[in-house]
Every structure is written in C-alpha cells, then in structure tokens.
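Okay, so here's the structure we're looking at.
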Amino acid sequence: MNRTRLLTTMAVFVAIGTITAQLLWFPAGVARAYPVQHAVNVMAAVMLGPGPAVVIAFMISVLRNMLGLGTLLAFPGGMVGAFLAGYLYKKIGKKAWAVFGEAFGSGVIGSLFAVPFAQLLMGSSVGAFAFMPAFLVSSITGAFIGWFIISKVKYQSLVRI
C-alpha cells in the first residue's frame, strides 16, 4: 500500500465532498440534502475501506461546518454511513452492499444518532423520526450516484481487503 497515494486520494475525496456542498444540495424536510457526500462515502468505502471512508466523511463535515456550508448533523449522518458502507463491502465484496450500507447507515442509523446530537449540541428537541425522511432522501440518492460512478470507473484498490 502506497501511503502517499492513499492520502492523496483521501484529500481528493475530501475536496470533492466539500466543494460540491456549496454547489449541489436541495432542501429535504428539516435538513438539507447533500447527495455528493453520500456518493463520496460509497466510492471511498469501495476503493479505500471503512477506516479511510470514515476519516473522509469526518473531514468533509469539519470543513463544511467551518465554511458555513453545513450543520453539525453532517457528522452522524455521514460517518455512520461511510463506516457501514465500507464494512459491508469489505465483508461481502459487492458494491450493492456498500450502497445499502450507506443508505441504511446514514438514512436510518445516522438519523437516529442525530436526535440526541441535535439536542445536546444544537439545542433542538425533535422527535426520533424527524430527521429520517431527509436523511433517507439524501443518502439513497447519493449512494446510487456513487454506485453508478464506481461501476463505470476502473480503479485499483489502494487498500488490501
């Protein structure tokens, strides 16, 4: 494994996820949908594995918040999906499972993690399923975009699975 190549690829994914947050989003219920974040999660999960995918999702969330392009909800939404996408792809070896992992991880588990996160850090008290519709729309859309791209692009895995 070439560490420089891995870090460079991770930096490119972070840049794509951060830059597109300003350009490609749409309102979805109580939140904004950033489908490219989820597409990046699927691509990073398949190409790099769960660890680097989570780091990429974390860095995109940090930068989006620093630049005023997102909210603190980006952390639970993006990181859980990135981990589950990478984990399922690593265990099963099929890209469709990375898509499922991203959609379920961000859309369901991430949205449930967002509730206490929003209460503790944002002072918002919402019901358990308040974030789920928006998170599902964003994560499912983005996961399929990521699946489409990763299916069309030839790549060499940078991490041995």
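The values are calculated or read from the model by the stated rules, or taken from the named source; none is laboratory data. Model, not experiment: these values are computed from the prediction. For neighbour counting, all protein chains shown are included, and Cβ atoms are generated from backbone atoms with ideal geometry for every residue, glycine included.
Of all residues in segment 1-16, which are surrounded by fewer than 20 Cβ atoms within 10 Å (Cβ to Cβ) and assigned to a helix (DSSP H, G or I)?
Arg3, Thr4, Arg5, Leu6, Leu7, Thr8, Met10, Ala11, Val12, Ala15, Ile16, listed by residue number.
Would segment 125-132 turn up any residue that is part of a helix (DSSP H, G or I) and modelled with pLDDT of 85 or more?
no
Please verify whether segment 83-99 includes one or more residues that are among the β-branched types (Val, Ile, Thr) and either within 14 Å of Gly146 (Cα to Cα) or surrounded by 19 or more Cβ atoms within 10 Å (Cβ to Cβ) (or both).
Checked segment 83-99: at least one residue is among the β-branched types (Val, Ile, Thr) and either within 14 Å of Gly146 (Cα to Cα) or surrounded by 19 or more Cβ atoms within 10 Å (Cβ to Cβ) (or both).
Among the numbered conditions (1) within 12 Å of Thr18 (Cα to Cα); (2) surrounded by fewer than 24 Cβ atoms within 10 Å (Cβ to Cβ); (3) in contact with a strand residue (DSSP E or B) (Cβ under 8 Å, 6 or more places away or on another chain); (4) not β-branched (Val, Ile, Thr), tell me where Gly70 comes up short.
It fails just one condition, (2).
Taking Pro76, is it at pLDDT 85 or above, under 24 Å from Met132 (Cβ atoms) and crowded, with 22+ Cβ neighbours inside 10 Å?
no
Might you check whether a residue that is of a type in the set (Gly, Ala, Ser) and farther than 19 Å from Phe13 by Cβ occurs anywhere in segment 72-82?
Scanning segment 72-82 turns up no residue that is of a type in the set (Gly, Ala, Ser) and farther than 19 Å from Phe13 by Cβ.
Out of the residues in segment 30-56 meeting the condition of being farther than 20 Å from Arg3 by Cβ and modelled with pLDDT of 95 or more, tell me which one is surrounded by the fewest Cβ atoms within 10 Å (Cβ to Cβ).
Ala39
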